[in-house]
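> Please see the structure below; I have some questions.
The values are calculated or read from the model by the stated rules, or taken from the named source; none is laboratory data. For clarity, every value in this text was computed on a predicted model and none was experimentally measured. Note that we place each Cβ from the backbone using ideal geometry, even for glycine, and neighbour counts take in every protein chain shown. Note: accessible area is taken over every heavy atom of the protein model, side chains too, but ligands, DNA and RNA are not part of it. Shrake-Rupley method; radii C 1.70, N 1.55, O 1.52, S 1.80 Å.
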Amino acid sequence: LNAAPGRPPRQHVRFLPAPDGGDGGATGLVAARVPVLADHPLVRGPRFRRLKIGAGHRLDVKASGVFVLGIGHGNKLLTDLYNCHLTKVYTVGGLFGKATDDFSDTGKLVEKTTFDHITREKLERILAVIQGTNHKALLMHSNIDMKTQEAYELAVKGLLRPMGKSPPIITAIRCLQFVLPEFQLEIHCLHETQQYLRKIVHEIGLELKSSAVCTQVRRIRDGVFTLDDALLRTQWNLQSIQNAIWDCQLKVQTELEKTLG
């Protein structure tokens, strides 16, 4: 912001001595417009010394993907979006055959196991069980009578979600790739942490009579924001950030009106 072109200094009227005509007569005053020195960059210093920036749903150091920030008034919108309890989507990579102390492939190795008996069908059966268990938890924490018209309408609109604090809930999980010993999952979830997702990979390995570590956690959607909205590090400049804010305004407003009324 400070590197962007600033507005020109204000002008004010000063009465300055008229140029001497050389005849030795009395010197008069003439009106002239001169810049206000208080507006000069060397006098006022940087225009922006402090800018309030808020972080949305955080990512830990081993995760990547969509990370939402709010600037100025956007901090209030971040709070409103948080109160919407929107679903986040991750792609999670896994590797069968070993276990570590922190469930990631970079942790301290604690166990090695066989994995030749694992098939995609067995993996998808475990994923179906996980999804079913979490669906029951979703209904319980939604605090809505499932026999009412309200529950039906919320389910149709995809708005059935816990509107308060709850444990991590997986609303959908499916296998994207399976080439032993590696696999990749797509996980839709609420109130999660990235470490919780790594633990899910570990537990899947145990359920399949083996072990597994997480090789990647990447958030591809955070509520209304997707990878298409994200800015790469090389795009961290004023114009790209302005365009990103303008492009997302309508999506954010629409979601807040739909969810919070």
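> It is to be established whether one or more residues within the stretch 27-37 are in a loop (DSSP other than H, G, I, E, B), touching a Ser or Thr at 6+ places or on another chain (Cβ under 6 Å) and of a type outside the set (D, E, K, R).
no
> Here's another thing I want to ask about it. From the residues in the stretch 84-105 that are within 27 Å of the chain's Cα centre (by Cα) and of a type in the set (Ser, Thr, Tyr), which one is surrounded by the most Cβ atoms within 10 Å (Cβ to Cβ)? Full working, then the answer.
Step one: list which residues in the stretch 84-105 are within 27 Å of the chain's Cα centre (by Cα), which gives 84-95, 102-105.
Retained after the next criterion (residues that are of a type in the set (Ser, Thr, Tyr)): 87, 90-91, 104.
Values: THR87: 17, TYR90: 23, THR91: 16, SER104: 19.
Across the stretch 84-105, the extreme among qualifying residues is TYR90.
> Is there a residue in the stretch 69-77 that is more than 22 Å from ALA244 (Cβ to Cβ) and either in contact (Cβ under 8 Å) with a residue 12 or more places away in the chain or of a type in the set (A, V, I, L, M, F, W, C) (or both)?
Step one: of the stretch 69-77, the residues more than 22 Å from ALA244 (Cβ to Cβ) are none.
The answer is no, given that none of the residues of the stretch 69-77 is more than 22 Å from ALA244 (Cβ to Cβ) and either in contact (Cβ under 8 Å) with a residue 12 or more places away in the chain or of a type in the set (A, V, I, L, M, F, W, C) (or both).
> Ok, one more. Of these, ILE170, ILE204, which one is within 19 Å of THR119 (Cβ to Cβ) and either of a type outside the set (D, E, K, R) or open to solvent by 40 Å² or more (accessible area, probe 1.4 Å) (or both)?
On the way: ILE170 fails: within 19 Å of THR119 (Cβ to Cβ).
Answer to the check: ILE204.
> Right, something else. Somewhere in the stretch 106-127, is a residue assigned to a loop (DSSP other than H, G, I, E, B), open to solvent by 90 Å² or more (accessible area, probe 1.4 Å) and without any contact (Cβ under 8 Å) to a residue 24 or more places away in the chain?
Initially, the stretch 106-127 is screened for residues assigned to a loop (DSSP other than H, G, I, E, B), giving 106-108, 113-119.
Adding the requirement that they be open to solvent by 90 Å² or more (accessible area, probe 1.4 Å) leaves 106, 108, 114, 116.
Checking the rest, the ones that are also without any contact (Cβ under 8 Å) to a residue 24 or more places away in the chain come to 108.
Checked against the condition, which is being assigned to a loop (DSSP other than H, G, I, E, B), open to solvent by 90 Å² or more (accessible area, probe 1.4 Å) and without any contact (Cβ under 8 Å) to a residue 24 or more places away in the chain, the stretch 106-127 yields at least one hit.
> Answer yes if at least one residue in the stretch 215-228 is open to solvent by 70 Å² or more (accessible area, probe 1.4 Å), modelled with pLDDT under 95 and outside any strand (DSSP E or B), and no otherwise.
Within the stretch 215-228, one or more residues are open to solvent by 70 Å² or more (accessible area, probe 1.4 Å), modelled with pLDDT under 95 and outside any strand (DSSP E or B).
> Would you check if there is a residue in the stretch 180-199 being at pLDDT 95 or above, more than 21 Å from the chain's Cα centre (by Cα), in the same structural domain as LEU109 (by the TED database) and surrounded by 18 or more Cβ atoms within 10 Å (Cβ to Cβ)?
yes
> Could you list, ordered by first residue, the pairs with Cβ atoms under 8 Å in which the first is in the stretch 236-248 and hydrophobic (A, V, I, L, M, F, W, C) and the second is open to solvent by 80 Å² or more (accessible area, probe 1.4 Å), at least 6 apart or interchain?
Filtered contacts from the stretch 236-248: LEU238/LEU1; LEU238/ALA3.
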